There are 2 protein chains.
Amino acid sequence: MKLVVIGGDAAGMSAASQARKRSGVDDLQITVFERGHFTSYSACGIPYWIGGHVTDRAALITRTPQEFAKQDIDVRLRHEVTGIDLDRREVVARRVDGPAGEIREGFDHLMYAAGAVPVTPPWPGVDARGVFGVQTLDDGAAIHAWLDAHPAPRRAVVIGGGYIGVEMAEAMVRRGLDVTLLEKSPEPMSTVDPDMGARVRKAILGLGIAIRTNAHVHGIETTDGRVRAVRTPDDELPADIVVLGLGVRPNTTLAADAGIPLGETGGLRTDLRMRLLGGGRLDGVWAAGDCVESVHRISGRPVHVPLGTHANKQGRVAGINIGGGYATFPGVIGTAVTKVCELEVARTGLTEHEARAAGYAYVTASVESTSRAGYYPGAATMTIKLIAEKRTGLLLGAQIVGREEAAKRIDALAVAVWNQMTVEEMTGLDLSYAPPFAPVWDPVLIAARKATDAVHATH
Amino acid sequence: MKLVVIGGDAAGMSAASQARKRSGVDDLQITVFERGHFTSYSACGIPYWIGGHVTDRAALITRTPQEFAKQDIDVRLRHEVTGIDLDRREVVARRVDGPAGEIREGFDHLMYAAGAVPVTPPWPGVDARGVFGVQTLDDGAAIHAWLDAHPAPRRAVVIGGGYIGVEMAEAMVRRGLDVTLLEKSPEPMSTVDPDMGARVRKAILGLGIAIRTNAHVHGIETTDGRVRAVRTPDDELPADIVVLGLGVRPNTTLAADAGIPLGETGGLRTDLRMRLLGGGRLDGVWAAGDCVESVHRISGRPVHVPLGTHANKQGRVAGINIGGGYATFPGVIGTAVTKVCELEVARTGLTEHEARAAGYAYVTASVESTSRAGYYPGAATMTIKLIAEKRTGLLLGAQIVGREEAAKRIDALAVAVWNQMTVEEMTGLDLSYAPPFAPVWDPVLIAARKATDAVHATH
């Protein structure tokens, strides 16, 4: 049997490793085609490498091709797959740097893990030198090289105020640049509700980052093919470097070319075992990671959530199944977290906007509390917001903004969302208490109490 | 209507406040008898006050009698209830400091919140001067005064290596004493399994605390009524001060004297609304806090878990019900946390010992991981241990020992235990991930994977 993997990052390599664990080299040959220079790296770590928290790029790489080779996994870097022939059960590839010529590789199982591609708007000048995406480690290396090559003073414009945009804006400030962040929504970090986003705005301003919200971009102005400014409806923002943090979309070109149908989010659709839906020619074809869509367990809708944690889990599940085992990926609930300087921001479940879109009638409750007993040194304030279904009190979502020790509390809320707890049931939860870790009423419990009152008030 | 509350700490005052919120002063008179000098204080904060983390005793007091007076709650400090007359519906009290004489107060509702009393063994000399318990803020004040009055060099022996013992040992070291900790079990912190306790031992030793495990005490040696040494089977341990951290038992003397039956743990038995079980003469009698026993949701057994977090929740539930509302206390799952210098220790659910006692066949899995992505600055190691039912894979319990940002992860595990998740289901949990907060596989997920393998291996 032969497994071909398209894409050598989290999902693809997790699948390869898990398949190998269950099948010896005599039973299963594994070949991985990876377009870039690296395998299994932490794309999420790129902003921290650029910002200097992490000094060694190698630290971002979990496992190298040499390590995979010891597992009898044949990783071919700088090999781009150009086509999938589902009838012949072959993939077609080419060497990115090497001699021209077509490579054909047959498969019994195909693992599609091509990841995502940055959303690049059709702005004039968006291909100019000095305009960077932040998707692959190669992208990160390019930004790193640019920064090293261009001494101060330098002006950066980061377009997009989501996780990667905010993280990159902070990284740029740490590298001594003047940074302006542009976000089209009323508040940055639109993955949380605007009332929480307003707190993130303050933290961003506190870093010395200029921020424009409700901002639109009309194009990139260039000189000799090099970025000079970002053009908005009203003015030109001078820029020596532009970073695009506009999100990503599933990288499904190869799949679409092969006639594989896409889901409504643009991602590939799989069953619980990460097998492509459809059967027939798609038998033995698996997909995982940033190229697939997942079911959101609370809205019941397909969503595209490109996160390393899902890619790893999905890849593992696919690999176990390819190797003859049994595992399922149960869907997502929209948990995410980031850090803006000392501010921690986390969410799980549905935001207000998402709850409305899913058709829920809901109440909200926000509380301010502290990370430790009020009298204990280092107690820091945090805000927790809960969203609960009107009548039933079902916890639909939660958001946290706070200082240290705030964000990881989202995990307890994520497990509560996962288990479809009501906010009233949550008031009885046996959470840990000691003065260095929480007030005697943990902020999560206080929020649950307030949300319970809000639910009762609707009856 | 008239509510009399016995005990003015967490449970009693929570009940009083909640009852008042629902009943105006014309509908409900509320009188609280409190033996000590304080209301609503954080007993859990005492070690941190003695150790100097918290410098102002007042900070430990959540609300004063004056604040309760504004809510029309009549708090009588230094009033000891000496009897309960269930037939006449009266409590009998006396002033601790004031003029002799019996005070009788009738009630419609009686809230029994007398808390706990320290376990004091029948050792000769245990009443000597210089031997202290750590149960009430008055106890804490006495230790504080002793330390202020006795300049160095001073030798302390702390008897009992549980939460309070370890916290007090650390506090004493911070105050410059030579400290020896005695614990009768093979490892300190016997509320976690010995393999985890061994890690706590290292942290205790690292603080410069001498520790003797498997230790027995035969008595306290005195000179002129003052402690001089602790006598063990083998030697005498010189001591200027002895702190007893041997746990507490429910303070039920008054209840027992009134003919109220006790549960098998020695605590009062209540229904879900915190009403005493039994009916008849017990109608209108409620109990909450360290004097009651709770149902452990995983073992199904009654347990006595004297923690402020439960006292607050139970008191709130009782008060809502007394005030005509509806609330229930759903039981406990044994969650607890503490900090030993930089080491964080947390648990939830059942330990191995408790799982065996409850009749479970189980598997365990322990993993070492880090609090942040391995490459992110400040990533600290932690150990997570899971206990899962053999065959079903039901998560029975979890323990964490680690450095910063480790212990609060127990809450996600507590919510998983609460919801009777299996370790296999947990492998799919959508927990938060970003490099400053977790490796891409959160330690909780890695532990769940390993425990799943252990469960499968039994099939």
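Say we look at the stretch A:413-428 and pick out the residues that are out of contact with any helix residue (DSSP H, G or I) (no Cβ under 6 Å at 6 or more places or on another chain) and over 22 Å from A:V337 (Cα atoms); which of these is nearest to the other protein chains (Cβ to nearest Cβ)? Spell out how you get there, then give the answer.
Quick first cut of the stretch A:413-428, residues out of contact with any helix residue (DSSP H, G or I) (no Cβ under 6 Å at 6 or more places or on another chain) only: A:413-414, A:417-422, A:425, A:428.
Still in the list and also over 22 Å from A:V337 (Cα atoms): A:422, A:425, A:428.
Details: A:T422: 12, A:E425: 7, A:G428: 4 Å.
Of everything passing the filter in the stretch A:413-428, A:G428 is nearest to the other protein chains (Cβ to nearest Cβ).
If we keep just the residues of the stretch A:71-88 that are of a type outside the set (V, I, T) and touching a helix residue (DSSP H, G or I) at 6+ places or on another chain (Cβ under 9 Å), which is surrounded by the fewest Cβ atoms within 10 Å (Cβ to Cβ)?
Initially, the stretch A:71-88 is screened for residues of a type outside the set (V, I, T), giving A:71-72, A:74, A:76-80, A:83, A:85-88.
Within this subset, residues satisfying the condition of being touching a helix residue (DSSP H, G or I) at 6+ places or on another chain (Cβ under 9 Å) are A:71-72, A:74, A:76-77, A:83, A:86-87.
Values: A:Q71: 16, A:D72: 14, A:D74: 17, A:R76: 17, A:L77: 18, A:G83: 14, A:L86: 19, A:D87: 8.
It comes out as A:D87.
Condition check ((1) of a type in the set (S, T, N, Q); (2) touching a residue at least 60 places away in the same chain (Cβ under 8 Å)) across all residues:
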residue	(1), (2)
A:V5	no, yes
A:S14	yes, yes
A:H37	no, yes
A:Y48	no, yes
A:I61	no, yes
A:Q66	yes, no
A:A69	no, no
A:R78	no, no
A:V81	no, yes
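Test B:A451 against the stated conditions and say whether it is at pLDDT 95 or above and under 19 Å from B:E352 (Cβ atoms).
Numbers: at pLDDT 95 or above: yes; under 19 Å from B:E352 (Cβ atoms): yes.
Yes, satisfied.
Go through (1) modelled with pLDDT of 95 or more; (2) assigned to a loop (DSSP other than H, G, I, E, B); (3) under 18 Å from B:G115 (Cα atoms); (4) not hydroxyl-bearing (S, T, Y) and name the single condition B:R63 misses. (1) is the only condition that B:R63 fails. Taking the criterion of being touching a residue at least 40 places away in the same chain (Cβ under 8 Å) and either part of a loop (DSSP other than H, G, I, E, B) or basic (K, R) (or both), the residues of the stretch B:365-377 that qualify are B:S371, B:R372, B:A373, B:G374, B:Y375, B:Y376. Within the stretch B:138-155, one or more residues are closer than 22 Å to B:E236 by Cβ, away from chain A (no Cβ under 14 Å), touching a Gly at 6+ places or on another chain (Cβ under 8 Å) and assigned to a loop (DSSP other than H, G, I, E, B). Can you confirm whether B:G289 is under 30 Å from A:H456 (Cα atoms), touching a Ser or Thr at 6+ places or on another chain (Cβ under 9 Å) and outside the structural domain of B:H353 (by TED's automatic domain parsing)? For B:G289, the condition - under 30 Å from A:H456 (Cα atoms), touching a Ser or Thr at 6+ places or on another chain (Cβ under 9 Å) and outside the structural domain of B:H353 (by TED's automatic domain parsing) - is met. Which members of the stretch A:394-412 meet the condition of being buried (at least 24 other Cβ atoms within 10 Å of the Cβ), at pLDDT 95 or above and more than 7 Å from chain B (Cβ to nearest Cβ)? Across the stretch A:394-412, the qualifying residues are A:L395, A:L396, A:G397, A:A398, A:Q399, A:I400, A:V401.
For B:G101, the conditions (1) modelled with pLDDT under 95; (2) not in a loop (DSSP other than H, G, I, E, B) are fulfilled apart from (2). Take the conditions (1) in contact with a Leu (Cβ under 7 Å, 6 or more places away or on another chain); (2) of a type in the set (V, I, T); (3) outside the structural domain of B:D240 (by TED's automatic domain parsing); B:V96 misses just one of them, which is (1). For the stretch A:5-37, the tally of residues that are at negative phi, surrounded by 24 or more Cβ atoms within 10 Å (Cβ to Cβ) and of a type outside the set (S, T, N, Q) stands at 15.
Within the stretch B:397-413, is there a residue that is more than 29 Å from the chain's Cα centre (by Cα) and outside any loop (DSSP other than H, G, I, E, B)?
Just the residues of the stretch B:397-413 that are more than 29 Å from the chain's Cα centre (by Cα), to begin with: none.
The answer is no; no qualifying residue exists.
Take the residues in the stretch A:174-206 that are in contact with a Cys (Cβ under 9 Å, 6 or more places away or on another chain) and buried (at least 20 other Cβ atoms within 10 Å of the Cβ), then tell me which one is farthest from the other protein chains (Cβ to nearest Cβ). Break it down stepwise before answering.
Initially, the stretch A:174-206 is screened for residues in contact with a Cys (Cβ under 9 Å, 6 or more places away or on another chain), giving A:203-204, A:206.
The next check asks that each one be buried (at least 20 other Cβ atoms within 10 Å of the Cβ); those that pass are A:203-204.
Numbers: A:A203: 14, A:I204: 16 Å.
The residue in question is A:I204.
Counting the residues of the stretch B:196-226 that are charged (D, E, K, R), in contact (Cβ under 8 Å) with a residue 40 or more places away in the chain and closer than 21 Å to B:H150 by Cβ gives 2. Residue count for the stretch A:1-52 under the criterion of being among the polar types (S, T, N, Q) and not in a loop (DSSP other than H, G, I, E, B): the result is 5.
For the stretch B:214-231, check the following and say yes or no: at least one residue is within 21 Å of B:R155 (Cα to Cα) and part of a helix (DSSP H, G or I). Looking through the stretch B:214-231, none of the residues is within 21 Å of B:R155 (Cα to Cα) and part of a helix (DSSP H, G or I).
Among the residues of the stretch A:429-452, write down those that are of a type in the set (V, I, T) and either part of a loop (DSSP other than H, G, I, E, B) or facing chain B (nearest Cβ under 7 Å) (or both). Please lay out each step first, then the result.
Our first condition is that a residue be of a type in the set (V, I, T); within the stretch A:429-452, this holds for A:440, A:444, A:446, A:452.
The one that is of a type in the set (V, I, T) and either part of a loop (DSSP other than H, G, I, E, B) or facing chain B (nearest Cβ under 7 Å) (or both): A:V440.
Scanning the stretch B:39-60 for residues that are surrounded by fewer than 18 Cβ atoms within 10 Å (Cβ to Cβ) and either β-branched (V, I, T) or more than 14 Å from chain A (Cβ to nearest Cβ) (or both) yields a total of 1.
Name the residue, out of B:T180, B:T136, that is modelled with pLDDT under 95 and among the polar types (S, T, N, Q). Answer to the check: B:T136.
The values are calculated or read from the model by the stated rules, or taken from the named source; none is laboratory data. Please read these numbers as outputs of a predicted model, since none were measured by experiment. A quick note on method: Cβ atoms are made from the backbone with ideal geometry, for glycine too, and the neighbour counts reach across all protein chains shown.
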